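The values are calculated or read from the model by the stated rules, or taken from the named source; none is laboratory data. Note that the structure is a prediction, hence the values are computed from the model and not measured. Virtual Cβ from ideal backbone geometry, glycine too; neighbours counted across all protein chains shown. We work out accessible area using only protein heavy atoms, side chains counted, and drop any ligands, DNA or RNA first. Shrake-Rupley method; radii C 1.70, N 1.55, O 1.52, S 1.80 Å.
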Amino acid sequence: METNIQTLEPVIITGLNTGQEDFDYSMVELAELAQANHMEVIDRIDQVIDRPNPATYFGKGKVDEIRDVADANHVPTIITNDELSPSQLRNLEEGTGCRILDRTALILEIFATRAQTKEAKLQVQIAELQYRLPRLQTSASERLDQQTGGGSGFTNRGAGETKLEMDRRTIQHQIAHLRQELAAIAKSEQTKRKQRVKSAIPTAALVGYTNAGKSTIMNGLVRKYGAAEEKTVFEKNMLFATLDTSVRQLTLPDQKRFLLSDTVGFVSKLPTHLVESFKSTLAEAANADLLIQVIDYSDPHYKEMMETTNETLKQIGITDIPMINVFNKADKTEIEFPILEGDDQVVISAKQDTSLDLLVDVIKKHLFKDYVTTTLLIPFTDGHVVSYLNEHTNILDTTYESDGTLLTVEMSIQDYHRFGKYEKKLT
């Protein structure tokens, strides 16, 4: 009988403590990233040092220690907490006899296995190729054949360098081709977003650290206010459980509608290439009327996570959009919930209905603050208008008069301009 049990690759995580305040936090996160990549952390080795060794990242004695620990535990892979230069990567592999995976390569591996849509796959492929480009190297035999001076005064390029240049050109061509494909998809998505803007439906985007509970909130709201149960999104207690942006329309009991998007999560030291590649995916957030930052309140490092989210949003040009902070997973703390603090901070558990109700109330105050409450007198001959208002607006009161249906209505400013001619002036 087949089993789905996956063998975990044993790894050692390593890092340099050069005095940064968040070093321990980043190492804990590195271990979680390794676990998300189906790896088992056998040991952790740190070195306190003023600055990285430009040749080997670690000092020579620490490289020897890492090699000995890896040999003793039969560990084939070493993970470093920082992105390594091409020479550091090569020298560290030679010094330890192990495969070296830096933090950037680890995140790229995770993204490569999790990407589902064509857009996400293209973005990951571009980021991987951009990471590989400066790390290309020839084989040992090819490196023996380098540039030599020719008698005619021209430089004679060795076979090794020619092969390297060919590899570089091939990768650059691949990147250009993938970017063209990505641009075509982005253009299609942009058209869809323009159509949503024309529909005048307000939009909110869930943003925040990976594994903060964005997908759980999305699914909770979809189950309560969505059109169909099958529209829920994938969720799992794991870093980067999902990479793809999902958009769902929610209809509240008072007929207010809004679009909610669930975006890819962030992580500290997110590779620059990935941030750049995922700009199109995060366009839903860039075009939102409201950002909902979801924070894992039970994590002792939640403040650092908020800083990472804010910095990443700024890095990709998402600024000046109203934001509410949702401190999630309060059920794992001793803090009272659900509670509202001010106008833009709410403490909840995404698994609790009353928490979701409070969150929706806060979202409504921001998204629908421009709604108008008015009284309309609709002639009986315009019954189709009454049907529309019953379906798309919040009817507060209905009475029937001799000359038509009198409605007290809460509606969007667009509907108010559309049906303002029916407004009954108070005398």
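T263: out of contact with any Lys or Arg (no Cβ under 8 Å at 6 or more places or on another chain), at pLDDT below 80 and closer than 17 Å to A204 by Cβ, yes or no?
Taking the combined requirement at face value, the residue does not satisfy it.
Apart from one condition, N394 fits all of (1) in contact (Cβ under 8 Å) with a residue 60 or more places away in the chain; (2) open to solvent by less than 70 Å² (accessible area, probe 1.4 Å); (3) touching a helix residue (DSSP H, G or I) at 6+ places or on another chain (Cβ under 9 Å); the exception is (3). Screening the candidates E391, E336 for the property of being outside any helix (DSSP H, G or I) and of a type in the set (D, E, K, R) yields one hit, E336.
Scanning segment 77-86 for any residue that is open to solvent by 50 Å² or more (accessible area, probe 1.4 Å) and in contact with a Pro (Cβ under 8 Å, 6 or more places away or on another chain) turns up at least one such residue.
Among the residues of segment 90-110, which ones are assigned to a helix (DSSP H, G or I) and free of Cβ contacts under 8 Å to residues at least 40 places away in the same chain? Quick ask: steps written out before the conclusion?
Taking segment 90-110 and keeping what is assigned to a helix (DSSP H, G or I), we get 90-96, 103-110.
Of everything in segment 90-110, those that are assigned to a helix (DSSP H, G or I) and free of Cβ contacts under 8 Å to residues at least 40 places away in the same chain turn out to be N91, L92, E93, E94, G95, T96, A105.
Does segment 91-113 contain at least one residue that is open to solvent by 30 Å² or more (accessible area, probe 1.4 Å), of a type in the set (V, I, T) and touching an Asp or Glu at 6+ places or on another chain (Cβ under 6 Å)?
So the first thing to find is which residues in segment 91-113 are open to solvent by 30 Å² or more (accessible area, probe 1.4 Å), and the list is 91, 93-94, 97, 99, 109, 112-113.
Now narrow it down to the ones that are of a type in the set (V, I, T): 113.
This time we only want the ones that are touching an Asp or Glu at 6+ places or on another chain (Cβ under 6 Å), so: none.
No - not one qualifying residue is present in segment 91-113.
Scanning segment 372-391 for residues that are under 16 Å from H417 (Cα atoms) and open to solvent by 60 Å² or more (accessible area, probe 1.4 Å) yields a count of 1.
How many residues are of a type outside the set (V, I, T) and assigned to a helix (DSSP H, G or I) if we restrict to segment 348-387? I'd like the intermediate steps shown before the answer.
Quick first cut of segment 348-387, residues of a type outside the set (V, I, T) only: 349-353, 355-359, 361, 364-371, 376-377, 379-380, 382-384, 387.
Applying the additional criterion that residues be assigned to a helix (DSSP H, G or I) yields 353, 355-359, 361, 364-367, 380, 382-384, 387.
Summing the residues that are of a type outside the set (V, I, T) and assigned to a helix (DSSP H, G or I) in segment 348-387 gives 16.
Checking the stated criteria, A72 turns out not to satisfy the condition of being of a type in the set (A, V, I, L, M), surrounded by fewer than 17 Cβ atoms within 10 Å (Cβ to Cβ) and part of a loop (DSSP other than H, G, I, E, B).
On the stretch given as segment 303-343, residues that are open to solvent by 50 Å² or more (accessible area, probe 1.4 Å), of a type outside the set (A, V, I, L, M) and either closer than 21 Å to D22 by Cβ or in contact (Cβ under 8 Å) with a residue 12 or more places away in the chain (or both) total 13.
With the condition kept exactly as written, say whether any residue in segment 412-425 is touching a helix residue (DSSP H, G or I) at 6+ places or on another chain (Cβ under 6 Å), among the β-branched types (V, I, T) and at pLDDT below 95. Among the residues of segment 412-425, not one is touching a helix residue (DSSP H, G or I) at 6+ places or on another chain (Cβ under 6 Å), among the β-branched types (V, I, T) and at pLDDT below 95, which makes the answer no. For segment 1-59, a residue qualifies if it is modelled with pLDDT of 90 or more, hydroxyl-bearing (S, T, Y) and open to solvent by 20 Å² or more (accessible area, probe 1.4 Å), and the qualifying residues are T18, T56. If you go through segment 391-421 and keep only what is polar (S, T, N, Q) and under 16 Å from P379 (Cβ atoms), you end up with T398, T399, S402, T405.
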